[in-house]
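> Let me give you the structure first, and then I'll get to my questions.
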Amino acid sequence: MPRPILARIHPDAIRHNLHVARQRAPQSRAFAVVKANGYGHGIERIYPALASADGIALLDLDEAIRVRELGWTKPLLLLEGLFEPADVALAVTHRLTVAVHCDEQLDLLAATRLAHGARPVDIQLKMNSGMNRLGFRPHAYRAAWERARGIDAIGEIGLMTHFANADDGHIDWQLDTFDAAVGDLPGERSVSNSAGVLWHPRAHRDWVRPGTILYGASPTGVARHIEDTGLRAAMTLTSRIIGVQTLAPAETVGYGRTFAVEQPMRIGVVACGYADGYPRHAKSGTPIVVDGVRTRVVGRVSMDMLTVDLTPCPQAGIGSSVELWGDQVRVDEVAEASGTIGYELMCALARRVPVQVSSDHAVREREAAAVA
Ligand SMILES: *Cc1c(COP(=O)(O)O)cnc(C)c1O
């Protein structure tokens, strides 16, 4: 029998979350962001849930081709653009829209001779409005746009930037920079990530680019910031208790003996560790659900196991179900207790964890069977 760990992916939650995103930005078209293999969920698994998106955005050429092969005919955006000459032909063949963030990428396109009848490549010309990662500086943006407009291999030119801290409420400085630099240039605007979608209507513009909220994780990494949004977890990581120890006061649990019990305590050993993608930095106290009851991780997370306090669930024993994250414990809660954000945990789900795609229908059937 395989270890009892399992990740379940919920396309219905993603469909719902996309709907939430669209309702938050009703005037905008939406690129569903599925980089990093759909934030760890698996592009093929979630693809059916993205049907209502107006576009899909990601950054691996290979992933983009996979999406086209699934039958996607709407816009498909490469967020980091092209890396080498061979990429241009693929972008043409697969009708990719590509971000262009530097002169070298304009050079690549300028050096391209389109085959007779081939469609030029639509681009999103990226401005560095203060993030200081990718993009043309505001003062250089118009010149880049003029140059792009003169390149035969370039079709439509969209205008794009990315916020450094849409999650803590301060976007005006970047948005004002962007607006001033693009002025009245023609072309569709795209500036908002998930945080912009949820909290900055002023930044919605023509296209929004929600990523993390599609998966039910918080743009800030703080679970309670999305409490009122109705977003649902798209990934549930579950396992089971495979061992139980009853400790006497002053005894410790796990490597480094970081947790000592004060009163007699039943400890459950869960088949999940950092080699499954659960963060080793999770502190004692990190929430976890055993047999439907919230309790806490205690002691250090090891490679294949972690340990939990069974005090709140005295009925629990070997075989009891455990939710590491999902709808009962938000991935962001685990992330907060581990000094990271939900994005990282979702993306870091380990290959060795078996994954199952569930549907609401399947869940309802299981629940009905459990009641019967
Ligand atoms: C990742 C990414 C997004 C989506 O960000 P979220 O915070 O996950 O919504 C949007 N735009 C760009 C350019 C990105 O790289």
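The values are calculated or read from the model by the stated rules, or taken from the named source; none is laboratory data. All values derive from a computational prediction rather than experimental measurement. Positions of Cβ are generated from backbone atoms using ideal geometry, with glycine treated the same way; all protein chains shown enter the neighbour counts. The protein model used for the area step is the full one, side chains on, heavy atoms only, and it has no ligands, DNA or RNA in it. Shrake-Rupley method; radii C 1.70, N 1.55, O 1.52, S 1.80 Å.
> Work out the P(r) tail for the range 181-312: percent of alpha carbon pairs separated by more than 27 Å, whole number.
I get 41 percent for the Cα pairs in the range 181-312 exceeding 27 Å.
> Taking only C-alpha pairs under 8 Å that are 6+ residues apart, what is the relative contact order of the chain in percent?
It rounds to 18 percent for the chain.
> Would you calculate, for the chain, the mean residue ellipticity at 222 nm contributed by helices, counting each DSSP H stretch of 4 or more residues as -39,500 (n - 2.57) and dividing by all residues, to the nearest 500?
-7500 deg cm²/dmol
> Expressed as a whole percentage, what fraction of the accessible surface of the chain belongs to carbon and sulfur atoms when a 1.4 Å probe is rolled over the protein heavy atoms?
Exposed carbon and sulfur together represent 52 percent of the surface.
> Continuing with this model, one more query. How much net charge surrounds Val301 when only other residues with a Cβ under 12 Å from its Cβ are counted (Lys, Arg +1; Asp, Glu -1)?
Neighbourhood net charge equals +1.
> Just in the range 50-86: which GluC sites (Glu not before Pro) are loop by DSSP and have at most 12 other Cβ atoms within 10 Å?
Sites meeting the loop and neighbour criteria: none at all.
> Find the Rg to Rh ratio for the range 237-372, where Rh is the Kirkwood radius over alpha-carbon pairs and Rg uses the same atoms.
With Rh from the inverse mean 1/r over Cα pairs, Rg/Rh is 0.98.
> I would also like to ask the following. Quick check for you: which residues of the range 287-324 have the amide N under 15 Å from the point 7 Å beyond the Cα of Ala260 toward its beta carbon?
299
> Starting from the 7 Å offset along Cα-to-Cβ, what nm value, one decimal, do you get for the label separation of Thr229 and Val357?
2.4 nm
> Taking the Cβ of Gly273 as the center, what net charge do the other residues with Cβ under 15 Å away carry, scoring Lys and Arg +1 and Asp and Glu -1?
+4
> Still on this structure, I have one more. Quote to one decimal, in nm, the extra length available between Glu156 and Gln328 on full extension: 0.36 nm per residue of separation minus the C-alpha distance between them.
Computed gain between Glu156 and Gln328 is 57.4 nm.
> Taking the Cα centre of each part, how many Å lie between the range 252-267 and the range 172-198?
52 Å
> Separate question: Okay, which of the range 14-47 sit inside 18 Å, backbone N to the point 7 Å along the Cα-Cβ direction of Cys347?
Flagged as within label range: 32-44.
> Here's a follow-up. Any idea how far the Cα center of the range 76-120 sits from the one of the range 127-155, in Å?
15 Å
> Expressed as a fraction of 2.2 N^0.38 Å, the rule-of-thumb size for a compact globular protein of N residues, what is the C-alpha radius of gyration of the range 11-226?
Dividing the Cα radius of gyration by 2.2 N^0.38 Å gives 0.98.
> Further question: With an 8 Å cut-off on Cα pairs and a minimum separation of 6 or more residues, tell me the relative contact order of the range 235-371 in percent.
Averaging sequence separation for qualifying contacts and normalising by length gives 26 percent for the range 235-371.
> How many nm is it between the label spots at Asp103 and Gln245, if each spot is 7 Å from the Cα in line with the beta carbon?
The answer from the label model is 6.3 nm.
> Just to confirm the number: angle between the C-alpha axis of helix 360-371 and the first principal axis of the chain, 0 to 90 degrees, nearest 10?
Between helix and principal axis, roughly 10 degrees.
> Report the percentage of all Cα-Cα pairs in the chain whose separation exceeds 32 Å, rounded to a whole percent.
The answer is 41 percent, as a whole percent.
> Output the 0 to 90 degree angle, nearest 10, between the alpha-carbon long axis of helix 172-182 and the longest principal axis computed from the alpha carbons of the chain.
Once rounded, one gets 20 degrees.
> Taking the Cα atoms of the range 63-122, report the difference between the largest and smallest coordinate on each principal axis, in whole Å and largest first.
Largest first, the range 63-122 extends 32, 27, 16 Å along its Cα principal axes.
> Still on this model: Residues of the chain: accessible area per residue at 1.4 Å, in Å²?
Dividing the accessible area of the chain by its residue count gives 45 Å².
> Additional query: Just want to confirm a number: the relative contact order over the range 6-145, from Cα pairs under 8 angstrom separated by 6+ residues, in percent.
After rounding, I find 15 percent.
> Multiply the residue gap between Ala110 and Arg280 by 0.36 nm, knock off their C-alpha separation, and tell me the result in nm, one decimal place.
Extra length from Ala110 to Arg280 when fully extended: 56.4 nm.
> Along the Cα→Cβ direction, 7 angstrom out, place labels at Thr93 and Asn132. What is the inter-label distance in nm?
Going from the Thr93 label point to the Asn132 one covers 4.0 nm.
> Which percent, nearest 5, of DSSP beta bridges in the chain are antiparallel?
50 percent
> Something else: Expressed as a whole number of Å, what is the distance separating the alpha-carbon centroids of the range 276-302 and the range 326-352?
Distance between centres, Cα-based: 11 Å.
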